[in-house]
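Right, one structure below, let's go through it.
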Amino acid sequence: MSKLWGGRFTKETNKLVEEFTASIEFDQQLANEDIEGSLAHVQMLGECNIIPQEDAEMIKEGLLRIQKKIASGEVQFSVEHEDIHMNIEKLLIEEVGPVGGKLHTGRSRNDQVATDMHLYLRTKTEKIIQYVNDVQEALLLQAKEHVETILPGYTHLQRAQPVSFAHHLLAYFWMFQRDKERLQDSLTRINVLPLGAGALAGTTFPIDRERVAEILGFDGIYPNSMDAVSDRDFILEFLSSASIVMTHISRLSEELVIWSSQEFQFVELDDSFCTGSSIMPQKKNPDVPELLRAKTGRVYGDLFGLLTVLKGLPLAYNKDMQEDKEGMFDTVKTLEGSLTLLAPMIETMTVKKENMYQAVKEDFSNATDIADYLVTKGLPFREAHEVIGKIVLYAIQQEKYLVNLTLDEYKQFHSYFEEDIYETLDPRQVVAARKSTGGTSQDQVRQQIALAEEKIK
């Protein structure tokens, strides 16, 4: 069967070339967007009297019937027709006859596919924003329950200072808030219409691009036809934002893996988010957060793949750009799956607050507060820092923690120490004392929760 574009050719396409260049295997995911774009385009063609109104109505009805058939699984797409655009056009001609060929008046597959991807990413980005929001709600739910729960805070994965567990969780809340804002901002670039740019130079027909934008709910149109068909920045931006989201998912997943280990025992993940071992019956493996970590690299790969495709392309459209879709589809699927698993996993995890508190009682994470204690007594911080360093070394050598040292032992290092040092050493006091804005004190954390609730709304 001859191609819809085959008039200039004297030979049939080599079957291997046909299979190699066809994109229908993956771009059939754009079927609904392709039809939505075509419905708007044909409505405009009829309104502008570029084609007869009755032809526009016939094409519209045909497209709607095809849309229903695709949704019900009745349609089999063909590699012979290369891509989703040609497959649907072929189906349309079969449905309504030769008049279906008028649909392509005033447009090219170049601006058509770009429009499809704008429509697709607009819908998916809005859904992903909601999925990020769901993760934030799960974090906020746990944070509200654990304002008073204290665990060791770490730097370099070494015990640093005790913090509220809610404070730790809220750090991820704000990461995801920035992710959400990035995605929301990207809609400004996504929601621009390329249709009407033609192959690269516009069209001789008196089309109304603004009318198509209005019908499809776009905020505006590309002012340059060459940019319209060659721009994939909006996909790059999405992939970049998605990569950052996955970075945050991976960091949180790493902590869940560590925290749920026998060595830490800070949290226990719900059984429904873990698996067992085929040989070791005692095992409860945190497979979900482990896979979330791993899938981050997959999304990075999609971003770097498209960056590499685009880096040396001249204007305007090139067949290389067919490689823009699979990575986009893969990232959407990976991100949606990751976020929809992460939210309930956080919400259902058990927090072992007694283990967390025991951990902060058996370390030196209150050392900074002793230095601050000496500063309030009049000692310069650098001198105080040296004094406490020597005390910590002494305690390690004596196999004691700071709270176990006697007042006489403290006074060996400086005369400023008094009985009130033991109030300063209490982990609850260490946390409560950090009242600076954004700090980990309970009052500050509660203010942070209130602010987070406003962001969720």
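Details
- Computed [θ] at 222 nm, helices only, for the chain once each DSSP H run of length n ≥ 4 contributes -39500 (n - 2.57): -20000 deg cm²/dmol
- In sequence order, region 339-352 has phi-based couplings of 5, 6, 8, 5, 4, x, 5, 5, 5, 9, 6, 8, 9, 9 Hz under the Karplus curve 6.51 cos²θ - 1.76 cosθ + 1.60, θ = phi - 60°, and Gly or Pro positions carry x.
- For region 13-105: rounded, prolate or oblate by the Cα gyration tensor [a/c cutoff 1.5]: prolate
- Our summary gives the chain a relative contact order of 16 percent, counting only alpha carbon pairs under 8 angstrom and 6 or more residues apart.
- Ranking of I279, I59, I258 by count of other Cβ atoms within 10 Å, fewest first: I279, I258, I59
- Here the extension length gained between K435 and S72 equals 124.7 nm, from 0.36 nm per residue of separation less the Cα-Cα distance.
- Value of relative contact order over region 172-240, rounded to a whole percent, pairs C-alpha under 8 Å and six or more apart: 37 percent
- Among the trypsin sites (Lys or Arg not before Pro) found in region 399-430, those both in a DSSP coil and sparsely packed, with 15 or fewer other Cβ atoms within 10 Å of their Cβ, are K400.
- Summed side-chain charge close to E237 - residues other than E237 whose Cβ falls under 11 Å, Lys, Arg +1, Asp, Glu -1: 0
- Each of L195, A367, F329 was placed along the dipole of the chain (beta-carbon charges, centred on the mean Cα), and the one lying farthest toward the positive end is A367.
- Paramagnetic label zone (point 7 Å from Cα along Cα-to-C-beta, K455; backbone N under 17 Å) in region 114-141: 129-141
- Contact order relative to length of region 110-353, as percent, for alpha carbon pairs under 8 angstrom and 6 or more apart: 24 percent
- Pairs spanning more than 30 Å between alpha-carbon atoms, out of K15/K90; K90/K311; K60/K325; K60/K295: K90/K311; K60/K295.
- ³J(HN,Hα), Karplus 6.51/-1.76/1.60, whole Hz, each residue of region 108-120, x for Gly, Pro: 10, 5, 5, 7, 5, 5, 4, 5, 4, 6, 4, 5, 4
- Computed E for T204/E323 - FRET, C-beta separation, R0 35 angstrom, nearest 0.05: 0.65
- Calculated FRET value between K361 and T188, using beta carbons and R₀ = 30 Å, to 0.05: 0.05
- Region 277-330: trypsin sites (Lys or Arg not before Pro) in DSSP loop, at most 12 other beta carbons within 10 Å: K283, K311
- Rounded, prolate or oblate (a/c below 1.5 giving rounded, otherwise prolate when a/b exceeds b/c) for region 368-436 by Cα gyration tensor: oblate
- Computed over all pairs of different Cα atoms, the Kirkwood value for the hydrodynamic radius of the chain is 26.4 Å.
- Proximal charge balance of K68 [Cβ under 14 Å; K/R count +1, D/E count -1]: -1
- Count Lys and Arg as plus one, Asp and Glu as minus one, and take only other residues whose Cβ is under 14 Å from that of E347; the net charge is then -4.
- Note on A171 and E145: the extension gain reaches 7.8 nm, defined as 0.36 nm multiplied by sequence separation minus the Cα-Cα distance.
- Footprinting exposure proxy ranking of T115, T376, T13, fewest other C-beta atoms within 10 angstrom first, gives T376, T13, T115.
- Near the amide H of I221, within less than 5 Å, lie the amide hydrogens of L193, all on another chain or at least 5 residues away, with H placed in the peptide plane.
No value in this document is a laboratory result; all are computed from the given coordinates. None of these values were measured; they are calculated from a predicted model. Virtual Cβ from ideal backbone geometry, glycine too; neighbours counted across all protein chains shown.
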